[in-house]
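Scroll down for the structure; my scribbles are underneath it.
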Amino acid sequence: MTYVREIATVIANDADGDARMLRLGALRIAAAARPFQFVLAKVPAAGFMLRRPLSIFDAGDEEIELLIRPVSEGTGRLCRLAPGESCDLTGPFGREFDVPEDSVFVAGGIGVAGIFFALATAARSGRKAALVYGARTGAQLYAGRQLGDLAVDVTSVTEDGSSGLKGLAADFIPGIPSAETKLMSRALKEDLPPYRRAVIACGPRAMYVALHKILGDDARWYALMEERMACGVGACRSCAVPVREPAGSYVAACEEGPLVDAAAVDWGRLGEEI
Amino acid sequence: MNAEIKVEAGGLELATPVVLASGCAGYGDEWLELVDLDAVGAVVLKGVSLEPWPGNAPPRIAEAPAGVINAVGLENVGLDTLVREKLPALDGLPCKVVANVVGRSRDEYRDVCSALAAERRVDALELNVSCPNVEARGMAFCADAEGLRDLVADCRDVAGKPLWVKLAPMVTDIVAVARAALDGGADALTIANTVPAMAVNVEARRAVLGNVYGGLSGPAIRPINLRLVHVVYKETGADLIASGGVDGWRAAAAYILAGARAVQVGTALFDNPGAPAEIVAGLKEYVKREMFDGLSFLVGKLRGDRK
């Protein structure tokens, strides 16, 4: 793995609902970036002791994009970075992951930031890619334009029915048996592959709990774990994800993840949402 | 190249006075690509126990004003894996390696020290004596001066290498604790560990950390530890390695003037992995500007100091 520290330059900062899409010139990180990886961004203000972990939304030859929701003072500061300003990044961190051919992607809200790069990479290489994208309400479905530019089959789901289907993303995953009846009645697109596709998910804890319930223990699914983090390199062991084996133990999300095999996770011992 | 900032501390010759602190520095090679280890005199490895420890329930870290509170809980791979997998990976490291030892009983500390005595890649040992002693109703080892002296003496007997003892900052009489460790045979004292702390999420009405309590590190504790270093230096004159909020050369110089021979850098790495190199550059410049013969000359040289 190759990590670097790079002072990136903000090229664009565009609104996307209540979030911001930052486009940054970052030659070395862009060159090394792989789907599911993340950067640690230094908050551009005094008094912040920890960098903020941010998924690499997408990467080109010389640029990366970060989709950031201002959920705290630190992310708020990052969201206010203006074009021309610099941003101190380290990364890219986290493991690469070979996406199984038959995967279906599931995102919840801002979680689309964690899987867009993988989805786009699959679509750009001509693979058939599908996304079930859920949110509480239509305003929290982000990256509409970027998703529209990809040849990807997107199923939108909102809890309040304000956009797309009404319900939870976990209920509308094509190829998952317990979602089958709903799928039939909603008359989703024909040509659905056989069930038991791999599921790759990024979203809030509640979505993972719902997925765990629906998919059961034997499903092939992978969850992108977003944890409070400090170093990004596996040294400090702050970003602990509880695992089943050995009983009572943990892995570091930055080192073993951020995408982890959900079957290995001890969902009952998860920490609180960040 | 670093002649002016070379120091001797705790039985080790350090190429620079910057030591990477236990816990933040992993097993010595995680930071290789981001931290310039040529600027580092020694790296203190993550505390190791006889058997692996799983660590605390998450969340394990919280940001605080001018600091970070952690409750990692000394998660570590255990002695066997450290010796078998981690130490061999450090062969090419350009700095000294200090193994940090944790335990729940005197025997455990002694057994770990004894095993590490044979490891050629380990240049010194550092005892973390803030751990609860299961044989003393969970009281920290450093809370009882007599017990601490015996613990250090046990480890001294088997260590076969320089022995550092990392003290906790929240004790009734830091000088008594320091003397106990020195009487037990410590070559140097690391002053000090994190300060007990907590954080609360008022919206959730919960403690932020899974373990509720954690240890505060970073600039927030620097003035506290600076005084501890000074007090212990004045009273004992021992070799001290300062720890707590070293994030730049000024903080390092302050500790050295207060009596430390070297400084540990931990929390600062998270925000600025370039900190060790910046500290070394700043100290060199300071030594040159003030026309001192070398950094060691500055140890404890405060003007107008208390008598």
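The values are calculated or read from the model by the stated rules, or taken from the named source; none is laboratory data. Treat the numbers as computed from the prediction; the structure is a model and nothing was measured. Glycine gets a Cβ as well: all are built from the backbone with ideal geometry, and neighbour counts include every protein chain shown.
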Kindly evaluate residue B:265 against the criterion of being touching a strand residue (DSSP E or B) at 6+ places or on another chain (Cβ under 7 Å) and under 28 Å from residue A:88 (Cα atoms).
yes
Which of the numbered conditions does residue B:223 fail, given that it passes all the others? Conditions: (1) in contact with an Asp or Glu (Cβ under 8 Å, 6 or more places away or on another chain); (2) closer than 22 Å to residue B:24 by Cα.
(1)
Go through the residues of segment A:118-135 one by one and say whether even a single one is within 24 Å of residue A:225 (Cβ to Cβ) and within 11 Å of the chain's Cα centre (by Cα).
yes
If we ask which residues in segment B:42-70 are closer than 30 Å to residue B:201 by Cα and more than 9 Å from chain A (Cβ to nearest Cβ), their number turns out to be 3
Would you pick out the residues in segment B:171-201 that are within 20 Å of residue B:222 (Cβ to Cβ), out of contact with any strand residue (DSSP E or B) (no Cβ under 6 Å at 6 or more places or on another chain) and in a loop (DSSP other than H, G, I, E, B)?
B:171
If you go through segment B:207-231, how many residues are over 17 Å from the mean Cα position of the chain (by Cα), closer than 30 Å to residue B:113 by Cα and assigned to a loop (DSSP other than H, G, I, E, B)?
1
Which ones in segment B:231-272 are within 14 Å of another protein chain (Cβ to nearest Cβ) and crowded, with 24+ Cβ neighbours inside 10 Å?
B:244, B:245, B:246, B:265, B:266, B:267, B:268, B:269, B:270
Contact list please: Cβ distance under 6 Å, first residue in segment B:43-63 and more than 26 Å from residue B:262 (Cβ to Cβ), second residue assigned to a strand (DSSP E or B) and among the small types (Gly, Ala, Ser), pairs at least six apart or on different chains.
B:54/A:249; B:58/A:240; B:60/A:240
Output for segment A:137-158, where each listed residue is in contact with a Gly (Cβ under 7 Å, 6 or more places away or on another chain) and in a loop (DSSP other than H, G, I, E, B)
A:142
Evaluate segment A:46-56: report whether one residue or more is more than 14 Å from residue A:224 (Cβ to Cβ) and away from chain B (no Cβ under 14 Å).
no
Mind checking whether some residue in segment A:83-94 is free of Cβ contacts under 8 Å to residues at least 40 places away in the same chain, among the small types (Gly, Ala, Ser) and not in a loop (DSSP other than H, G, I, E, B)?
no
Exactly one of B:72, B:68, B:35 is over 15 Å from the mean Cα position of the chain (by Cα), over 16 Å from residue B:93 (Cα atoms) and part of a loop (DSSP other than H, G, I, E, B), and that residue is B:72
Determine whether residue A:94 is over 21 Å from residue A:64 (Cα atoms), small (Gly, Ala, Ser), at pLDDT 95 or above and surrounded by 15 or more Cβ atoms within 10 Å (Cβ to Cβ).
no
Restricting segment A:224-261 to residues that are of a type in the set (Asp, Glu) and outside any helix (DSSP H, G or I), the one nearest to residue B:265 (Cα to Cα) turns out to be A:227
Here is a list of conditions, (1) touching a Pro at 6+ places or on another chain (Cβ under 8 Å); (2) aliphatic (A, V, I, L, M); (3) not in a helix (DSSP H, G or I), and residue B:204 meets all of them except one; can you say which number that is?
(1)
Looking at residue B:112 and the list (1) in a helix (DSSP H, G or I); (2) more than 17 Å from residue B:23 (Cβ to Cβ), which single condition is not satisfied?
(2)
Which residues, counting only those in segment B:103-128, are farther than 16 Å from residue B:158 by Cβ and touching a residue at least 40 places away in the same chain (Cβ under 8 Å)?
B:104, B:123, B:128
In segment A:88-143, the residues that are at positive phi and either among the aromatic types (Phe, Trp, Tyr) or out of contact with any Lys or Arg (no Cβ under 9 Å at 6 or more places or on another chain) (or both):
A:126, A:143
Can you report the number of residues in segment A:234-261 which are under 19 Å from residue A:2 (Cβ atoms), more than 9 Å from chain B (Cβ to nearest Cβ) and of a type in the set (Asp, Glu)?
1
Some residue of segment B:78-97 being crowded, with 24+ Cβ neighbours inside 10 Å, assigned to a loop (DSSP other than H, G, I, E, B) and either within 14 Å of chain A (Cβ to nearest Cβ) or among the hydrophobic types (A, V, I, L, M, F, W, C) (or both):
no
Can you tell me which residue among B:71, B:42 is crowded, with 24+ Cβ neighbours inside 10 Å and farther than 21 Å from residue B:199 by Cβ?
B:42
Say we look at segment A:1-16 and pick out the residues that are out of contact with any Gly (no Cβ under 9 Å at 6 or more places or on another chain) and surrounded by fewer than 17 Cβ atoms within 10 Å (Cβ to Cβ); which of these is nearest to the other protein chains (Cβ to nearest Cβ)?
A:2
Check on residue B:51, of a type outside the set (Ser, Thr, Tyr), out of contact with any Cys (no Cβ under 7 Å at 6 or more places or on another chain) and part of a loop (DSSP other than H, G, I, E, B)
yes
Has segment A:209-216 got any residue that is over 19 Å from residue A:260 (Cβ atoms), modelled with pLDDT under 80 and not hydroxyl-bearing (Ser, Thr, Tyr)?
no
Considering B:106, B:137, which residue is away from chain A (no Cβ under 14 Å), on the phi > 0 side of the Ramachandran plot and surrounded by fewer than 20 Cβ atoms within 10 Å (Cβ to Cβ)?
B:137
